[in-house]
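The values are calculated or read from the model by the stated rules, or taken from the named source; none is laboratory data. Source: prediction; values computed, not measured. Glycine also receives a Cβ, built like all others from the backbone with ideal geometry; neighbour counts cover every protein chain displayed. Accessible surface areas use protein heavy atoms only, side chains included; no ligands, DNA or RNA. Shrake-Rupley method; radii C 1.70, N 1.55, O 1.52, S 1.80 Å.
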Amino acid sequence: MSLTGTPFLYTTLVLSVVALILPLLLWSRMRGPRPLRTAARVLMLLFAQGTAVTLVFVLVNNENNLYDNWADLLGTGDHVQQAADLGRDGTGGIAVRRLPRVAQTFTAAGGPGMRAAGGVRVTQLRGRVSGVNAEVYVWLPPQYDDPAYRHKKFPVVELLPGYPGSATAWFGALRAHEQLLPLMRGGEVAPFILVAPRTNLLAGVDTGCTNVPGQVNADSWLSVDVPKMVMDNFRAQPAPRGWAVAGYSAGAHCAVKLAVAHPDRYRAAVSMSGYNDPIGERNSLAAQTPALRAANNPYLLLREAAEAPPVALYLSGESGDGYQAGMALESAAKAPTTVRVVFLPRSAGGHTMALWRPQVDTVFRWLTLQMGQSRAKGPDTSVAGATPPSPSTGGSTREALASGTASRAGAARRP
């Protein structure tokens, strides 16, 4: 039975009701020795508590798309076939553009929200460079199959979830495709192809979107294999002009890191409630050593870059949860890098989908303008949640602000 399916939800609901009714009906009707009656009553209470906890978990999981399946939940999933040392650029010397085209088989994706707005499709991709074997979800804009656009190539946005998080979260919990469909039809937002690859590749650990020889090549999976598949199978604009990456929480950190590290692959990045120092997520592989932390900290990458990358960054967050990280990046950025930081009040929703879901409209309008999609019309609303006159530190230390580690997790979990 699927972890996120309706049958499992209804089964859990029925069991919770049964567990509540059983003690009411049987508590005083127990027969037999006293120890046996006591044991039976304890079991009924444990059953009631267990089903109640399970029901709450299922509801939370369905709302936030934390775990896709039982393997993700139990920590038995492993999507890494090999993790060779691919070198500094993450290609292992492979001429990716010369690799033969591979036509993928796509099927209709199942799950909450996946059939809305024209439907999301899914494929199982074997990464020829990264050694990752995992699913990738794709949603096509309404113009894609319009005969008037048959010769048009479309811009692409890779969508990354937090940790733990499902690749379906942007379509399920955030309902990005449902929000964007009318905006694309009305010309207010460019007709982006939305691509959501799996980021939960190893059991019980956040890959940090990094390459760690012998463990995982998550960076190459996201920035090489997935774009190659999209270019092979869809009318997509070439990188970097036509490519952007967006994420929330741990996915926000990854989005900025990928764009700053690979300006030849991405033009823009969106970070919602992200952090710079990988220690913001203690379970991140990128936080395991000082060298990995430095190599995957976008603040340090910007500050120490020999040439400023020509990328546009959009960062939003509350004080102590993304805002200071954005301000640190802004302080380190030099032209042609551009950084927009948006302050969100604590009343906006916290570190939850309630905060990120309403931002979909705003960030895609910003992406439309930044990526030169001139057909789009309407105002740039990405100044919503204006930056306060004086930057709020939210209790963060000067060192945290300077390094860009201040965030929900980073400030609280720094060793």
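Remarks
- Flag for LEU3 being modelled with pLDDT under 85, in contact with a Leu (Cβ under 8 Å, 6 or more places away or on another chain), hydrophobic (A, V, I, L, M, F, W, C) and surrounded by 11 or more Cβ atoms within 10 Å (Cβ to Cβ): yes
- Qualifying residue in region 260-276 (condition: surrounded by fewer than 24 Cβ atoms within 10 Å (Cβ to Cβ), over 27 Å from GLY372 (Cα atoms), more than 15 Å from the chain's Cα centre (by Cα) and not small (Gly, Ala, Ser)): no
- Consider region 105-131 and keep the residues that are closer than 20 Å to PRO182 by Cα, in contact with a Ser or Thr (Cβ under 9 Å, 6 or more places away or on another chain) and part of a loop (DSSP other than H, G, I, E, B). The one that is modelled with the lowest pLDDT is PRO112.
- The residue of region 261-288 that is modelled with the highest pLDDT, among those that are aliphatic (A, V, I, L, M) and more than 16 Å from LEU160 (Cα to Cα), is ALA261.
- Residue within region 244-251 that is small (Gly, Ala, Ser), modelled with pLDDT of 95 or more, more than 20 Å from SER130 (Cα to Cα) and in contact with a His (Cβ under 8 Å, 6 or more places away or on another chain) present: yes
- Subset of region 280-301 (residues that are in contact with a Lys or Arg (Cβ under 9 Å, 6 or more places away or on another chain) and open to solvent by 10 Å² or more (accessible area, probe 1.4 Å)): GLU281, ARG282, ALA287, LEU300, LEU301
- Residue ranges of helices (runs of 4 or more DSSP H) in region 223-328 with at least 3 members within 17 Å of LEU367 (Cβ to Cβ): 250-261
- Selection within region 169-182 - open to solvent by 10 Å² or more (accessible area, probe 1.4 Å) and either modelled with pLDDT under 95 or in contact with a Phe, Trp or Tyr (Cβ under 6 Å, 6 or more places away or on another chain) (or both): GLY172
- Being outside any loop (DSSP other than H, G, I, E, B), at pLDDT 75 or above and open to solvent by 80 Å² or more (accessible area, probe 1.4 Å) holds for only one residue in LEU59, LEU22, LEU15, LEU55, and it is LEU59.
- Hits in region 191-217 (condition: of a type in the set (A, V, I, L, M, F, W, C), outside any strand (DSSP E or B) and over 15 Å from GLN288 (Cα atoms)): PHE192, LEU201, ALA203
- Pick from region 199-229, criterion under 17 Å from ARG101 (Cα atoms) and over 18 Å from the mean Cα position of the chain (by Cα), ranking: most open to solvent (accessible area, probe 1.4 Å): LYS228
- Considering residues of region 329-357 that are part of a helix (DSSP H, G or I) and more than 19 Å from the chain's Cα centre (by Cα) only, the residue nearest to ALA176 (Cα to Cα): ALA348
- Test: GLU188 is assigned to a loop (DSSP other than H, G, I, E, B) and touching a Lys or Arg at 6+ places or on another chain (Cβ under 9 Å): yes
- For region 129-139, a residue qualifies if it is open to solvent by less than 20 Å² (accessible area, probe 1.4 Å), farther than 16 Å from THR207 by Cβ and not β-branched (Val, Ile, Thr), and exactly one does: TRP139.
- Subset of region 96-128 [open to solvent by 50 Å² or more (accessible area, probe 1.4 Å) and either among the hydroxyl-bearing types (Ser, Thr, Tyr) or within 25 Å of VAL212 (Cβ to Cβ) (or both)]: THR105, THR107, GLN124, ARG126, ARG128
- Test for ASP68: is it more than 20 Å from the chain's Cα centre (by Cα) and among the charged types (D, E, K, R): no
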